[in-house]
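Student: Have a look at this one before I ask anything.
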Amino acid sequence: MEFQFDLIVVGAGSGGMAAAKRAASYGAKVAIIEVNQIGGTCVIRGCVPKKLLVYAAKSKKNMDSSGGYGIKSEGISFESNTLLKNVREEVFRLSNFHRNSLNKLNVTIFEGLGRFTTQNELEIICPKTKKILKKVSSKKVLISVGGKPKKLNIPGIELAWTSDDIFELEKFPKSILIVGGGYIACEFASIFSNLGTKVTQVIRGQRLLNGFDEDLSACLKESPTFTEINIISNTQLKSIKGVNGNLESTLDSGDKILTNNILIATGREPNLLPLNLDFLNLKMDGKYLYVDQLNQTSNANIFAVGDITNRPNLTPVAIEQGRVFSDNFFNDQKRKVNYENIPKAVFTIPEISTVGLSEERAIEVYSKENIKVFKCKFTPMSNTFKEKKSKCMLKIVVNSITDKVLGCHMFGETSSEIIQMVSIALNAGITKKDFDITMALHPTISEEFVTMYG
Ligand code: NDP
């Protein structure tokens, strides 16, 4: 059977674009279907615009706390409308950059929603009119439609924002209630609070950032940023009601909180519904599409990468999955994605970064008597003249039998830049002795990684 394309990619996010570009570079005839702006979550409503907001929050925090350095901050104002407009313009520029690079590689871009009609054919639907704009066919189809925010099933939920809505705002609210204690909740709590919005954060458990090393969660909670946030633990949001242009949140304790707005950040889920997959009976992995090591679904023609697969939902993972898929199926390579030692960061102020096993997880895997932990916590030199001094923390988790470093964790400024490098060392199977024989670079924060002795 003749097909129009060798590969159709559904979803022009990080993973989809990476696969499309790589396959096209090998000479494959490739099309990509996208209903929104080219770029996906990371470029349009995730990592990129969020990090720009983080830079704004850091700039403001630095100015507000630089009196000890002789820098006067009186008269400095913050206009959130300028920031949000500039962020949107940058996102637009980046989206066009990606569109142009797809064009240069002769990847055909179809605008609309992709919906399967057979395993090799899709309809492209206009999201507004629901009319079928086109039918396209392909030898292989890669699904890379990403995720969407999970909404709570409570009365009044339609009044609350998700993280997608933040980037559409004209200006920041004066007060906000944020539900959740994960990546998105903590990053936005930090951005808003440092830029002058009064933040209340509601978490259903006891700690922020479950799953991260407990010392990292504790450092975050004690930091000047988070001590200014009203964190309400061990509770859930029960309902939301509009009151004179504000929103009233009722918690399960019965307490009521009035804020301008509410942000729900309780996780994300695969966005599979519009694809009309049911008739294909693809094997599922919980709420995710099942894929094997080659990112092949249970249908040999259909592949999936990114946040619709049950792998770490992170941009670099999706990009690598996309590239490996194209290398294998359009250039006859035998590559596999390396899921070991994936570095992670939460861009709070200061930020949290981590690679490898947390102390808790290392104990679960190797048992307590086989684990040695090296840890230091101190006020970094950059905070010497600041009124509110944030501490930093570095931690190494070691297998005491083999001396192998199992995990490195860091709380502090630029820790993400440091942990990226540490992840290379962990991938190479570094031991604690290798850390110890490495010369320190002074005066830095990261030198503590090579000067912590047992
Ligand atoms: P997370 O999974 O990180 O956090 C979800 C939070 O919501 C947790 O605190 C969880 O609590 C809480 N929660 C879940 N369900 C409920 C509920 N029904 N009621 C109350 N609280 C609830 O999800 P995010 O939305 O923050 O982020 C989604 C994903 O996006 C991340 O996992 C990550 O993969 C990616 N991401 C990565 C970033 C980065 O790399 N810097 C930045 C932003 C997102 P509990 O802990 O008790 O389960």
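Student: Looking at G205, G242, which is the one that is within 13 Å of the ligand (Cβ to nearest atom), at pLDDT 95 or above and farther than 26 Å from K58 by Cα?
Tutor: Result of the check over G205, G242: G205.
Student: Now, a different point. Report yes if some residue within the stretch 118-131 is on the phi > 0 side of the Ramachandran plot and among the basic types (K, R); otherwise report no.
Tutor: Yes: one or more hits.
Student: Surrounded by fewer than 16 Cβ atoms within 10 Å (Cβ to Cβ) and out of contact with any Cys (no Cβ under 8 Å at 6 or more places or on another chain): is that true of K372 in this structure?
Tutor: No: the conditions fail for K372.
Student: Out of S223, S233, S253, report the one residue that is more than 22 Å from G146 (Cβ to Cβ), within 16 Å of the ligand (Cβ to nearest atom) and open to solvent by less than 40 Å² (accessible area, probe 1.4 Å).
Tutor: S233
Student: Could you check how many residues of the stretch 82-133 are over 13 Å from L275 (Cα atoms), open to solvent by less than 70 Å² (accessible area, probe 1.4 Å) and in a strand (DSSP E or B)?
Tutor: 3
Student: Could you check E360 against (1) within 16 Å of the ligand (Cβ to nearest atom); (2) surrounded by fewer than 19 Cβ atoms within 10 Å (Cβ to Cβ); (3) part of a loop (DSSP other than H, G, I, E, B) and say which number it fails?
Tutor: Evaluating E360 over (1) within 16 Å of the ligand (Cβ to nearest atom); (2) surrounded by fewer than 19 Cβ atoms within 10 Å (Cβ to Cβ); (3) part of a loop (DSSP other than H, G, I, E, B) leaves (3) as the failure.
Student: List, please: which pairs have Cβ atoms under 7 Å, are six or more places apart or on different chains, and start with a residue in the stretch 46-75 that is within 30 Å of D307 (Cα to Cα) and end with one that is open to solvent by 60 Å² or more (accessible area, probe 1.4 Å)?
Tutor: none
Student: Please verify whether the stretch 376-388 includes one or more residues that are part of a strand (DSSP E or B), touching a strand residue (DSSP E or B) at 6+ places or on another chain (Cβ under 8 Å) and open to solvent by less than 10 Å² (accessible area, probe 1.4 Å).
Tutor: no
Student: Go through the stretch 236-294 and give me each residue that's at positive phi and either hydroxyl-bearing (S, T, Y) or under 29 Å from the mean Cα position of the chain (by Cα) (or both).
Tutor: Within the stretch 236-294, G267, N276, G286 meet the criteria.
Student: Please find, within the stretch 314-336, the residue that is nearest to the chain's Cα centre (by Cα) out of those that are surrounded by fewer than 20 Cβ atoms within 10 Å (Cβ to Cβ) and within 16 Å of the ligand (Cβ to nearest atom).
Tutor: Residue satisfying both the conditions and the ranking: L314.
Student: While we're looking at this one, here's another question. Hey, any hits in the stretch 160-181 for a residue that's part of a helix (DSSP H, G or I), of a type in the set (A, V, I, L, M, F, W, C) and out of contact with any helix residue (DSSP H, G or I) (no Cβ under 8 Å at 6 or more places or on another chain)?
Tutor: Among the residues of the stretch 160-181, not one is part of a helix (DSSP H, G or I), of a type in the set (A, V, I, L, M, F, W, C) and out of contact with any helix residue (DSSP H, G or I) (no Cβ under 8 Å at 6 or more places or on another chain), which makes the answer no.
Student: Right, here's the next one. Can you name every residue in the stretch 15-47 that is β-branched (V, I, T) and either modelled with pLDDT under 95 or assigned to a loop (DSSP other than H, G, I, E, B) (or both)?
Tutor: Listed by number, the residues that qualify are V35, I38.
Student: Report the residue count in the stretch 288-313 for those that are more than 14 Å from the ligand (Cβ to nearest atom), over 12 Å from F325 (Cβ atoms) and open to solvent by 20 Å² or more (accessible area, probe 1.4 Å).
Tutor: Number of matching residues: 5.
Student: Of all residues in the stretch 256-287, count the ones that are closer than 19 Å to N313 by Cα and open to solvent by less than 40 Å² (accessible area, probe 1.4 Å).
Tutor: Adding up the residues that qualify gives 5.
Student: Got a sec? Which strands (runs of 3 or more DSSP E) wholly within the stretch 215-326 have at least 2 residues that are touching a helix residue (DSSP H, G or I) at 6+ places or on another chain (Cβ under 9 Å)?
Tutor: The qualifying strands (runs of 3 or more DSSP E) are 237-243, 261-264, 268-270, 302-304.
The values are calculated or read from the model by the stated rules, or taken from the named source; none is laboratory data. Bear in mind that the values here come from a model prediction, so they are computed numbers and not experimental data. Neighbour counts run over all protein chains shown; Cβ positions are idealised from the backbone, glycine included. Side chains are part of the model used for accessible areas, which takes the heavy atoms of the whole protein and leaves out ligands, DNA and RNA. Shrake-Rupley method; radii C 1.70, N 1.55, O 1.52, S 1.80 Å.
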